[in-house]
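No value in this document is a laboratory result; all are computed from the given coordinates. As the structure is a prediction and not an experimental result, all values here were calculated from the model. When we count neighbours, we look across all protein chains shown, and the Cβ atoms used for this are built from the backbone with ideal geometry, even at glycine.
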Amino acid sequence: MTAASASAPAPAPLAGAQENPVLRERGQREVFCGLTGIMWLHRKIQDAFFLIVGSRTCAHLMQSAAGVMIFAEPRFATAIIEERDLAGMADANEELDRVAAQVLARRPDIKTLFLVGSCPSEVIKIDLSRAAARLNAAHAGVRVLNYSGSGIETTFTEGEDACLESLVPELPQDDSQEPSLLVVGALADVVEDQFTRLFEAMGIGPVRFLPARTSHDLPPVGPNTRYLLAQPFMGRTGAALDGRGAKRISAPFPMGAKGTEAWLRAAADVWNIDADRFETVVAAPRARAERALATHRADFTGRSVFFFPDSQLEIPLARFLYEELGAQLIEVGTPYLHRSHLDCELPRLPAGVQLSEGQHVDSQLDRCRAARPDLTVCGLGLANPLEAEGLSTKWAIELVFTPIHGFEQAGDLAELFTRPLRRRDLLRVG
Ligand code: SF4
């Protein structure tokens, strides 16, 4: 199910913090809800279980989106809120306790149980924080946390942000006088390993990741923790880490050769790594990334791109397409413009590019149709209609599921954008 809010037109152009104009819109939105994040988080956190407290619609979303086979033992499920719960005929808390106990009895490997709220659980006001406290007391050896994945006024990557925010109070206190680096935002394990090797080779460390792969590895945090965001949708998690005394390292996001180099350099500067050592470590992987990108640049240079607001990755991706593939940006829409977390990205966008925050989908579709971009990056719900109108599209959600960070993935990231253009060119020739 996608989330949508009531239409309320009248976009208001605002002055952007970084020169470029920002069009702030509020109206009908076409985005997935925060439950979607469970699809990558349950693979990343290997001993966690996600118990959605929701409706059959929520269960269908998860089943169809994750493509779960009937014999699989996935680490997520939905405790269905039935009619009698809604009518107050059953005690929803008792039902939830019973389902949670069943899950934990069946899966002794589970060490963290996330109770995930949904639109229905929020509407009927089930207090999941109290439920988590109750279940924590009842089930020794299992950490029970809660967060909301509801689609009410949110977009799908906020699910990961809310999940990681719920973990922050659980992180052990680190009072070490030595600085440590915390990389924040779920990354594919292979990407995490690549970054670990690069940081180690530079002499930066200790390096830890949030989320950790298991509940035993929760990274400690304290006043000497410096954190680097790997994902741009970590607004609440960043604020929670700030509250624990950690300090953010301002950097672009590690996408593409230039983005990755600048991200690593930001950490290297904090650790006073000298320029020669930095260059020795990054030269070879950066050269591989640049070679991989060169093959795509010829396909992309001068092509126009229009971003609908969807994943919150839009600003770093637009910067990558402009800086590294020579794209012409028409409009870059994003659900939320977190100006401080994007402080190193916004100035790298070309002057005059239209930024938009929030969505009024009909107005935006009108602008997109008028511009006839070579490529439109948008949600699943808009892609097919736009393809039928002759526009090439890229599903934004694919960019969240695919490993796209780091030097070694730069070519794959470019490929995700050039493939639809090549397909369209082939169809035209045919
Ligand atoms: S949480 Fe809300 S938007 Fe998401 S599937 Fe459930 S009802 Fe639909």
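The table below gives the values:
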item: Over the chain, relative contact order from alpha-carbon pairs under 8 Å, at least 6 apart, %; result: 17 percent
item: Two-site FRET efficiency, Asn93 against Asp189, from Cβ-Cβ distance with R₀ of 45 Å, rounded to 0.05; result: 0.80
item: Summed side-chain charge close to Phe308 - residues other than Phe308 whose Cβ falls under 9 Å, Lys, Arg +1, Asp, Glu -1; result: -4
item: Isotropic mean projected area of the C-alpha convex hull, the stretch 34-150 (nm²); result: 6.6 nm²
item: Under 16 Å from the Asp274 label point (7 Å along Cα→beta-carbon), backbone N, the stretch 173-216; result: 202-204
item: Stretchable slack from Ser176 to Arg422, in nm (0.36 nm times residue separation minus alpha-carbon distance); result: 83.3 nm
item: Of every Cα-Cα pair in the stretch 260-339, the percent that sits beyond 18 Å; result: 56 percent
item: Two-decimal log10 I(q)/I(0) for the chain, as the Debye equation yields it once each C-alpha is a single scatterer, q = 0.12 Å⁻¹; result: -1.04
item: Length gained when the stretch Ala283-Thr402 is fully extended (0.36 nm per residue, less Cα-Cα span); result: 40.4 nm
item: Summed side-chain charge close to Arg143 - residues other than Arg143 whose Cβ falls under 11 Å, Lys, Arg +1, Asp, Glu -1; result: -1
item: Cα-projected label distance for Gln63 with Gln46, points at 7 Å along beta-carbon direction, nm; result: 3.0 nm
item: Amide H within-cut-off set for Gly149, under 5 Å, with H built and near neighbours excluded; result: Gly117, Ser118
item: Mean projected area in nm² (Cα convex hull; one quarter of hull surface) for the stretch 180-280; result: 6.2 nm²
item: Between the stretch 158-173 and the stretch 369-394, the Cα center-to-center distance that results, in Å; result: 35 Å
item: 21 Å tail of the calculated P(r), the stretch 335-403, as % of Cα pairs; result: 36 percent
